[in-house]
Amino acid sequence: MRIVDRLPAPSDLPGPTPESFTSRLRSPAVAARIGLWLGISFAVCFVTGLLSHYAQNPTQPIPFPSSPSWGYRVTQGLHVVTGTASVPLLIVKLWTVYPKLFERPPSLRLRVLVLTTLERVSIAVLVAASIFMLVSGLTNTASWYVWKFGFRPAHYGVAFVTIGALVVHVAVKLPVIREALGAPVDARHSHDRDTAVEQGVMSRRALLRTTWLAAGTAVVLTAGQTVPWLRQVSVFGIRSGNGPQGIPVNRSAEAAGVLESARSEAWRLTVTHGDRTVELSRPDLLAMPQRTETLPIACVEGWSANGTWTGVRLSDVLALVGASPDSDVTVSSFQENGPYYTVNTLQKTFVADDRTLLALDLGGEPLDLDHGYPCRLIAPNRPGVLQTKWLGSVEVQA
Ligand SMILES: Nc1nc2c(c(=O)[nH]1)N[C@H]1C(S)=C(S)[C@@H](COP(=O)(O)O)O[C@H]1N2
Ligand SMILES: [Mo]
């Protein structure tokens, strides 16, 4: 069926056409190679992101494990590193395929138009969703909350759109990808435009090498916030600087508005189990058996650092109100400008783990005000956002 009686040939329409682009660099031979790494990077980012999301769920059908203590540190480090490395990969990938934006449908027949439009829409969704993921993730790691929406649900929801569109894209392009990866990078690809023969400023190989270098640099610069010996070079690692007691600070006591309440003599930790309640001062807690554990703070933003924490076991405190460690426990901060980060529930796995402490000291000194003085939670393999500082109460769930 024809839309109108006499159609112009698609190539007669005005405007640039893919043939206006003459560089050999814009080829599936390049796009497929970068796409392969971009795909791997997105896959790692997706899986580690799901883990992080699950770890932060208030209820977990399968309990999140408390071991290994450094697990979340590694997966979330990978999440932020692969996300950051994806930025240069995506930019070069989009550059290589840019001429396709000006492609005309092979004919103006309705069926062809519908199919072409569908393909374009699926690519548009993939590109838009990918850009959203990388931009929202990066601004979040920089603690630059320009968004009105909640970061976590949006970043989580669009992740599925991105991965779905990616799977469709790879499936549709499989023949093109296979041909490209099966031949030397310099070989002509059957989808190369006849006009794309100009050498340009560099070879395909050199473009790829430059891209790997850019991605590698992004990795090294970001990984510095997690890997101590890389810290010196980590200019992207916003929180890589040393905070008090050798650990970066996410929100300072001043920002949390607890400068006075944290230093107050009247501070007590309220521990509740049903109708039993005890109130503990810092000297009370210090008089209990003290345990020391080396555990990391691993922020969702990707930075992490090990600390040597001393304090009382959560299970020892629960024993004071006759609660078994086989319970879920909600800890709350006395910080008033919440609600974010100020209340969270530990599943049984974390409550029963002997390394879970109500920490009083860090690195052999009383906790810095910024690290949660007079008392903070520290548990193994837990997102930093759930390591509540400036504790006010511990409540055993029924
Ligand atoms: N009460 C309270 N606890 C909190 C936060 C907060 O803002 N308020 N921030 C959390 C986040 S996001 C992280 S990463 C860790 C950081 O701990 P640190 O500042 O001691 O390194 O504390 C967590 N505990
Ligand atoms: Mo965090």
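The values are calculated or read from the model by the stated rules, or taken from the named source; none is laboratory data. This is a predicted model, so every value here is computed, not measured. Using ideal geometry, Cβ is built from the backbone for each residue, glycine included, and neighbour counts are taken over all protein chains shown.
Taking the conditions (1) part of a strand (DSSP E or B); (2) of a type in the set (S, T, N, Q); (3) under 30 Å from Leu51 (Cα atoms) in turn, Thr270 satisfies each one other than (3). Within the span defined as the range 123-133, every residue fails to be in the same structural domain as Ala171 (by TED's automatic domain parsing), touching a strand residue (DSSP E or B) at 6+ places or on another chain (Cβ under 9 Å) and surrounded by 20 or more Cβ atoms within 10 Å (Cβ to Cβ). Taken over the range 371-386, the criterion of being closer than 20 Å to Glu336 by Cα, within 15 Å of ligand 2 (Cβ to nearest atom) and surrounded by fewer than 24 Cβ atoms within 10 Å (Cβ to Cβ) is satisfied by Arg376, Gly384, Val385, Leu386. Among the residues of the range 194-211, which ones are part of a helix (DSSP H, G or I), among the hydrophobic types (A, V, I, L, M, F, W, C) and in contact (Cβ under 8 Å) with a residue 12 or more places away in the chain? Of everything in the range 194-211, those that are part of a helix (DSSP H, G or I), among the hydrophobic types (A, V, I, L, M, F, W, C) and in contact (Cβ under 8 Å) with a residue 12 or more places away in the chain turn out to be Leu207, Leu208. Within the range 361-398, the set of residues being at pLDDT below 95 and of a type in the set (Val, Ile, Thr) comprises Val385 only. Here Glu260 qualifies as at pLDDT 95 or above, out of contact with any strand residue (DSSP E or B) (no Cβ under 7 Å at 6 or more places or on another chain) and either among the basic types (Lys, Arg) or farther than 29 Å from Ser23 by Cα (or both). All of (1) surrounded by fewer than 19 Cβ atoms within 10 Å (Cβ to Cβ); (2) in contact with a Leu (Cβ under 8 Å, 6 or more places away or on another chain); (3) acidic (Asp, Glu) hold for Glu293 with one exception: (1).
Set side by side, the residues Ala215, Ala223 differ, and just one is under 22 Å from the mean Cα position of the chain (by Cα), surrounded by 20 or more Cβ atoms within 10 Å (Cβ to Cβ) and either within 16 Å of ligand 2 (Cβ to nearest atom) or at pLDDT 95 or above (or both), which is Ala215. In the range 109-127, the count of residues that are part of a helix (DSSP H, G or I), in contact (Cβ under 8 Å) with a residue 24 or more places away in the chain and within 30 Å of Thr349 (Cβ to Cβ) is zero.
Yes/no matrix, rows are residues, columns are (1) within 22 Å of Ile163 (Cα to Cα); (2) at pLDDT 90 or above; (3) not assigned by TED's automatic domain parsing to the domain that holds Ala214:
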site	(1), (2), (3)
Ala32	yes, yes, no
Phe64	no, yes, no
Thr84	yes, yes, no
Pro99	no, yes, no
Leu115	yes, no, no
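Against the test of being under 19 Å from the mean Cα position of the chain (by Cα), assigned to a helix (DSSP H, G or I) and modelled with pLDDT of 95 or more, the options Thr162, Thr139 yield a single qualifying residue, Thr162.
Residues in the range 85-106: is at least one surrounded by 22 or more Cβ atoms within 10 Å (Cβ to Cβ) and out of contact with any helix residue (DSSP H, G or I) (no Cβ under 7 Å at 6 or more places or on another chain)? No, every residue in the range 85-106 fails to be surrounded by 22 or more Cβ atoms within 10 Å (Cβ to Cβ) and out of contact with any helix residue (DSSP H, G or I) (no Cβ under 7 Å at 6 or more places or on another chain). Summed over the range 307-342, residues that are free of Cβ contacts under 8 Å to residues at least 24 places away in the same chain and more than 9 Å from ligand 1 (Cβ to nearest atom) total 3.
Within the range 26-45, the only residue that satisfies the criterion of being more than 21 Å from Val172 (Cα to Cα) and surrounded by fewer than 22 Cβ atoms within 10 Å (Cβ to Cβ) is Val44. Taking the condition of being in contact with a Phe, Trp or Tyr (Cβ under 9 Å, 6 or more places away or on another chain) and hydrophobic (A, V, I, L, M, F, W, C), how many residues in the range 162-173 meet it? The number of residues fulfilling the criteria is 2. Evaluate the following for Pro296: is it in contact with a Cys (Cβ under 9 Å, 6 or more places away or on another chain) and of a type outside the set (Asp, Glu)? When the stated conditions are applied, Pro296 does not pass them. Within the set Ser304, Ser333, the sole residue that is modelled with pLDDT of 95 or more and either within 16 Å of ligand 2 (Cβ to nearest atom) or among the acidic types (Asp, Glu) (or both) turns out to be Ser333. The sole residue among Ala298, Ala266, Ala255, Ala319 that is surrounded by fewer than 17 Cβ atoms within 10 Å (Cβ to Cβ) and either within 16 Å of ligand 2 (Cβ to nearest atom) or modelled with pLDDT under 95 (or both) is Ala255. The single residue among Leu314, Leu391, Leu357, Leu386 that is farther than 19 Å from Leu280 by Cα and among the hydrophobic types (A, V, I, L, M, F, W, C) turns out to be Leu386. Those strands (runs of 3 or more DSSP E) of the range 295-398 in which at least 2 residues are more than 28 Å from the chain's Cα centre (by Cα), considering only elements entirely within it, cover 304-313, 357-362, 391-396.
Condition check: modelled with pLDDT of 95 or more, in contact with a Gly (Cβ under 7 Å, 6 or more places away or on another chain) and either within 16 Å of ligand 1 (Cβ to nearest atom) or closer than 26 Å to Ala253 by Cα (or both). Does Leu358 satisfy that? It is true that Leu358 is modelled with pLDDT of 95 or more, in contact with a Gly (Cβ under 7 Å, 6 or more places away or on another chain) and either within 16 Å of ligand 1 (Cβ to nearest atom) or closer than 26 Å to Ala253 by Cα (or both).
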